[in-house]
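Working notes, structure below.
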Amino acid sequence: MQRKKIALITGASRGLGREIAIHLAKRQVEIILVARDKQQLHETKNAIAAVGSSAHIFRCDLTQSVERKELVDYVQQNFASLDFVVHNAAVLVSGPLTQISSTAIRESVTTNLIAAMELSRDFFTRLAAAKGVIAFIASTTSHVPMPYNSIYTATKFAIHGFAKTLHYEAQSQGIRVFTTYPPAMYTDMTQGMAKAMKLQPCKFYACGAVAQKIVRAILKRKAHLNFYTPEYVLTILYQFFPRITTKLLEWNRKKFAIAMKENIK
Ligand SMILES: NC(=O)c1ccc[n+]([C@@H]2O[C@H](COP(=O)([O-])OP(=O)(O)OC[C@H]3O[C@@H](n4cnc5c(N)ncnc54)[C@H](OP(=O)(O)O)[C@@H]3O)[C@@H](O)[C@H]2O)c1
């Protein structure tokens, strides 16, 4: 009998991470759910049980190196193999740079970038043994600088660069590196901004549908997944006409400024 595949998903307590966990579980993958909020992690676990699969909870604050080490030890000790690691957890700290605290900058860079880098390194040997997949949830901001989003944009540019470079050494070990750039979804991350910009939730893409496509691509061992949405058009525009696109984004700057105030931490 074929052994059950195992996936570790960070940021699985809500939003896109929860949906990716549920869709992977539907494909008979056993899930290790990672995030800080235990109650929400249990809600994800219950949703997975409802689709007839099983999940394990590991509460971990990814900004804490001690807790990241405990996560790695937990996986080594409790699972014989590891097939997928999905780096999904992230925080969006928005607003003018002068109003963002050093703590918020460090938390963002550690959650969105350093945790993903170090966990990729720490699980690399296990993933190589399973010929597994490391999945990175990037963003349109991996390609297009968004006004008043300098910290988040920096982490997403960096995660794209990290993933695409890691590909070379991972490939030689049989690991597939997957990167995706999801469109705007209505989640806790975007709610404040949506409210400030008076955008209705229906203007956003559904997390479940986005997650389903991501899971399909991961299981097919694809290297990347683009969503052909207006954000994708913006990405192409920025690539070929950076000056015009920057001007367009500058026109929008006031709208962003008002919206981002909602998100300033
Ligand atoms: N929403 C969008 O429109 C959009 C668009 C493109 C890309 N993305 C990307 O998609 C991914 C998911 O975003 P989302 O919209 O689903 O965000 P979300 O609803 O805010 O969820 C973020 C997840 O990250 C976890 N997390 C945050 N800080 C953490 C920490 N220090 N330690 C452990 N877990 C932590 C949260 O769990 P706890 O709070 O329980 O720890 C939560 O499960 C992110 O990488 C985001 O950049 C989102």
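Structure summary
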| read-out | value |
| --- | --- |
| Pair Arg221, Ala257: separation of 7 Å Cα→Cβ label points (nm) | 5.2 |
| Antiparallel %, DSSP beta bridges [both residues in the chain], to 5 | 0 |
| Relative contact order (%) - the chain, alpha-carbon pairs under 8 angstrom, separation at least six | 19 |
| Those GluC sites (Glu not before Pro) in the stretch 162-262 that DSSP places in a loop and that have at most 11 other beta carbons within 10 Å | none |
| Helical mean residue ellipticity (222 nm; -39500 (n - 2.57) per DSSP H run of 4+; nearest 500) of the chain | -16000 deg cm²/dmol |
| Most positive-pole-ward Cα, Ala115, Thr187, Gln200, against dipole of the stretch 112-265 from beta carbon charges | Gln200 |
| Choice from Asn149, Asn78, Asn46 showing the highest fluctuation, given a GNM over the chain with Cα pairs closer than 10 Å | Asn78 |
| Projected label distance in nm at Gln77 and Ala129, using a 7 Å step from Cα toward the beta-carbon | 1.7 |
| For Tyr205, residues with placed amide H under 5 Å, excluding near neighbours | Ala184, Met185, Tyr186 |
| Potential extension, Glu70-Thr98 segment - 0.36 nm per residue separation minus Cα distance | 6.6 nm |
| Calculated FRET value between Asp37 and Phe240, using beta carbons and R₀ = 30 Å, to 0.05 | 0.10 |
| Size of electric dipole in the stretch 6-261: Cβ of Lys, Arg +1 and of Asp, Glu -1, about Cα centre, debye, nearest 20 | 780 |
| Note, ³J(HN,Hα) from phi for the stretch 39-49, Karplus 6.51, -1.76, 1.60, rounded to Hz, x at Gly and Pro | 5, 5, 5, 5, 5, 5, 4, 5, 5, 6, 4 |
| 19 Å Cα-Cα threshold exceeded, pairs from Lys38/Lys203; Lys198/Lys247; Lys198/Lys255; Lys156/Lys247; Lys203/Lys247; Lys131/Lys222 | Lys38/Lys203; Lys198/Lys247; Lys156/Lys247; Lys203/Lys247 |
| Within a Gaussian network of the chain (alpha carbon springs, distance under 10 Å), most fluctuating of Thr141, Thr155, Thr245 | Thr245 |
| Candidates per chymotrypsin sites (Phe, Trp or Tyr not before Pro) in the stretch 202-233, loop by DSSP, up to 10 other Cβ within 10 Å | Tyr228 |
| Residues Tyr232 and Tyr168, FRET efficiency given R0 of 22 Å [Cβ-Cβ distance, rounded to 0.05] | 0.30 |
| Förster radius 22 Å - calculated FRET efficiency between Lys195 and Leu248 (Cβ-Cβ, nearest 0.05) | 0.40 |
| Taking only Cα atoms of the stretch 6-261, radius of gyration then Dmax in Å | 17.9, 54 |
| GNM top mover of Thr103, Thr140, Thr246 - the chain, alpha-carbon springs below 10 Å | Thr103 |
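No value in this document is a laboratory result; all are computed from the given coordinates. In this text, all values refer to a predicted model and were calculated from it rather than measured experimentally. Cβ atoms come from the backbone with ideal geometry, glycine included; neighbour counts cover every protein chain shown.
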